[in-house]
Amino acid sequence: MKRLFSILVIATIMVFGAVDVNATNNVNALPATMVNFVQDEDQAVAEEAETEDVGFHQGLKRRFIEGGPGFMGIVLLCLILGLAIAIERIIYLNLATTNTKKLAQDVEDALNTGGIEAAKDVCRNTKGPVASIYYQGLDRAEEGTEAAEKAVVAYGGVQMGLLEKNVSWVSLFIALAPMLGFMGTVIGMIEAFDRIEAAGDMQPSLVAGGIKIALLTTVFGLIVAIILQIFYNYIIAKIDRIVNDMEDASITLMDILVEYKNKRRV
């Protein structure tokens with residue numbers, strides 16, 4: 001009996017000892033596993049961050065190079081020239097915008113206090129096409145209201161031409177950019193079929209390059225056209241607003257001159 005009890009005690013000690021050893025091994029192995037997991041997570045996060053850093057600009061540059069220097073360079077030139085003209089027009093139109101109501105009031109006050117020459121001085125010191133039109137009308141005011149009206153109408157046409165100067169080039173680049181992209185598409189497809197003909201076999205690897213170039217040229221051409229179209233619409237809207245101000249100001253000027261003539265007769 002004692003011998004059996006001793007055997008059971010020894011067996012129990014051996015079993016619990018083995019359990020402790022396994023637990024210790026598992027505990028020792030756990031930190032290593034966690035370290036590997038954390039390292040993998042850190043590496044994944046670093047790779048994701050690196051991908052985001054490369055991101056849009058590098059991807060756009062790579063796509064541009066893949067599209068080929070020929071047509072892609074011409075499309076880029078259209079974008080640069082179109083933006084240069086558009087920015088120049090926007091600056092010019094912003095400088096040409098004046099407060100027509102204030103100008104008309106200043107001209108009327110100067111006309112009533114100092115006569116035609118005082119009103120002309122006000123126009124000389126004011127920038128913009130409306131002030132130039134006022135000056136031309138006042139310069140012919142001594143010849144009569146009809147002569148002043150003809151001068152205002154004629155010089156208004158000149159100022160409108162100055163406002164619309166070079167705008168047609170922007171519209172040209174808007175039309176030209178997607179057309180060049182479509183031309184690149186056609187050329188890329190032709191190259192793809194030439195490779196198929198030369199190989200005598202229809203393999204995706206043969207046509208992938210040509211089709212990729214074709215699609216890239218089309219995409220970049222459309223992007224350039226969209227960007228320039230936004231600027232073009234803004235310029236046209238700005239010109240229309242200035243022209244409307246010029247027409248309203250011309251009518252106001254004629255009313256001021258008629259009233260001035262009537263006061264002088266009295």
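The values are calculated or read from the model by the stated rules, or taken from the named source; none is laboratory data. Owing to the predicted nature of the structure, the values given are computational and were not obtained by experimental measurement. All Cβ positions, even for glycine, are placed from backbone atoms using ideal geometry, and neighbour counts span all protein chains on display. Ligands, DNA and RNA are excluded from the accessible area calculation, which covers all protein heavy atoms including side chains. Shrake-Rupley method; radii C 1.70, N 1.55, O 1.52, S 1.80 Å.
For region 203-226, the condition holds for no residue, the condition being that it is of a type outside the set (A, V, I, L, M, F, W, C), at pLDDT 75 or above and open to solvent by 50 Å² or more (accessible area, probe 1.4 Å).
If only residues of region 246-259 that are open to solvent by less than 50 Å² (accessible area, probe 1.4 Å) and not polar (S, T, N, Q) are counted, the one that is nearest to the chain's Cα centre (by Cα) is M246. Pairs meeting the criteria (first residue in region 190-210 and among the hydrophobic types (A, V, I, L, M, F, W, C), second residue surrounded by 15 or more Cβ atoms within 10 Å (Cβ to Cβ) and at pLDDT below 70, beta carbons under 6 Å, at least 6 apart or on different chains) are A192/V207; A192/G210; I196/L206; A199/L206. Just so you know, in region 132-152 the residues that are assigned to a helix (DSSP H, G or I) and loosely packed, with under 14 Cβ neighbours inside 10 Å include one that is nearest to the chain's Cα centre (by Cα), and it is E146.
Restricting attention to region 99-131, the residues that are open to solvent by less than 40 Å² (accessible area, probe 1.4 Å) and not basic (K, R) total 16. Going by the conditions given, is T113 polar (S, T, N, Q) and without any contact (Cβ under 8 Å) to a residue 12 or more places away in the chain? For T113, the condition - polar (S, T, N, Q) and without any contact (Cβ under 8 Å) to a residue 12 or more places away in the chain - is met.
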